[in-house]
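Okay, so here's the structure we're looking at.
Read-outs throughout are calculated quantities, based only on the coordinates presented, and are distinct from any laboratory measurement. All of these numbers come straight from a predicted model, not from anything done at the bench. Backbone-built Cβ (ideal geometry, glycine too); neighbour counts: all protein chains shown.
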Ligand SMILES: [Fe+2]
């Protein structure tokens, strides 16, 4: 039997958990990079072959930096009932604690949470041991998206929970101390797959694409492209009565996994951007994700950055594709979440014709230009996490942190790039090749962590 593509090459799972200290650093690590980079990945246990890439159990990889040193690397499975084989669907409905917890990892109000969109978050310690499922003291009544957004102005965490069954979409706000203070059902939502969303200063922006619940899809992720499913953007005011005022705007068919950002422009229009696939692009990625034989050699090969400009007064949406480079995993300086931003970063992938390649891309939205840091032969960089420099004054004053999987060397490095010109600042040599994966976060030390 052919091995599934998500169990080979860059995606070959790690077979054990290790801890290594005193890592070798090339170049000079800026001292303000004091904290942890924690990155999640789908990493089934040895002998387990999931039916879909997304069904692989989560493994978190952590790299501890402090004052110019790389103190440790460690990798740990997220120990959930699913890791031991517990089913997601039970006689009583979904078991929200049976999470792969393999999509993202964030920190909010001092809690480190591993996320998968069909489940409760799973709390981790700062040393990456599993504490257990976390339901916000019983106030989270649904699954939680893997892509919550921290409002840089208020410190609130905004997120949603989506389900293929009613209620299709719940919206939550947790305050800066981590308490859920709002929880509302979003009117008009459908069973369309919702992986990410966006926040502006005054609105919440939901995205419903052409991929929707399909009980005949047997990969374990019951969704499929369905031309009868209308693609829409839902714009909901953030105020307490916002749900009553939500408006849904039809858009061209497509599927957006990740929102880069959204904001209100000077004319009050909502601008939303993110990499998007058409039907062919979706099938390319999906076939790779499910390991369909001989199909889909590279996910994201037809994923292009798109912009929607929503004129709510006129009731009109203008759409445009911004670039011809295949990209995914958009990131930004998160102080600009919900605000007009100039710089967006992403991972580039080779397209179907071999154009482009693995690299880190920086888009300048003011000039329309792009700059690419090519990763090199057989080197796949992960999502580029932006960390501001000490005393930063410009939006791109900072660093991009990306974990590179190097197949030829059978090794990985944490690469630190200067976000202003994508020049290499430092590389931390990791003691093993880190499985190519999905999302992660930089968790800076709080002042109280100084001795941790
Ligand atoms: Fe994601």
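What the table below lists for this structure:
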{"read-out": "For region 90-202: span of alpha carbons on each principal axis (Å, largest first)", "value": "40, 40, 22"}
{"read-out": "Global geometry of region 1-136, whether rounded, prolate or oblate, following the gyration tensor of its Cα atoms and the 1.5 cut on a/c", "value": "oblate"}
{"read-out": "Relative exposure of 45, 194, judged by other C-beta atoms within 10 Å (fewest first)", "value": "45, 194"}
{"read-out": "Spin-label pair residue 421/residue 28, simplified geometry with 7 Å Cα→Cβ offset, distance in nm", "value": "1.5"}
{"read-out": "Computed label-point distance, nm, for sites residue 16 and residue 244 using a 7 Å Cα→Cβ extension", "value": "6.2"}
{"read-out": "Mean projection area, nm², convex hull over Cα of region 213-341", "value": "9.9"}
{"read-out": "Hull shadow area, averaged, region 160-239 [alpha-carbon convex hull, nm²]", "value": "6.0"}
{"read-out": "Ordering of 266-276, 221-231, 55-65 by packing [mean C-beta count within 10 Å, highest first]", "value": "55-65, 266-276, 221-231"}
{"read-out": "Stokes-Einstein diffusion coefficient of region 5-449, Kirkwood radius over Cα pairs, 37 °C, 0.692 mPa s, in µm²/s", "value": "150"}
{"read-out": "Over region 338-441, volume per residue of the alpha carbon convex hull, in Å³", "value": "124"}
{"read-out": "Mean Cβ neighbour count within 10 Å, used as a protection proxy, ranking 398-411, 13-26, 154-167 highest first", "value": "398-411, 154-167, 13-26"}
{"read-out": "Part-to-part distance (alpha-carbon centres) for region 45-79 and region 335-354, which is given in Å", "value": "24"}
{"read-out": "The chain: relative contact order as a whole-number percent, Cα under 8 Å and 6+ apart", "value": "14"}
{"read-out": "Within the chain, helix-based [θ] at 222 nm, where runs of 4 or more DSSP H residues each add -39,500 (n - 2.57), nearest 500", "value": "-1000 deg cm²/dmol"}
{"read-out": "Modelled FRET efficiency - R0 51 Å, residue 407 with residue 265, Cβ distances, 0.05 increments", "value": "0.75"}
{"read-out": "Distance from region 124-201 to region 403-424 (C-alpha centre basis), Å", "value": "32"}
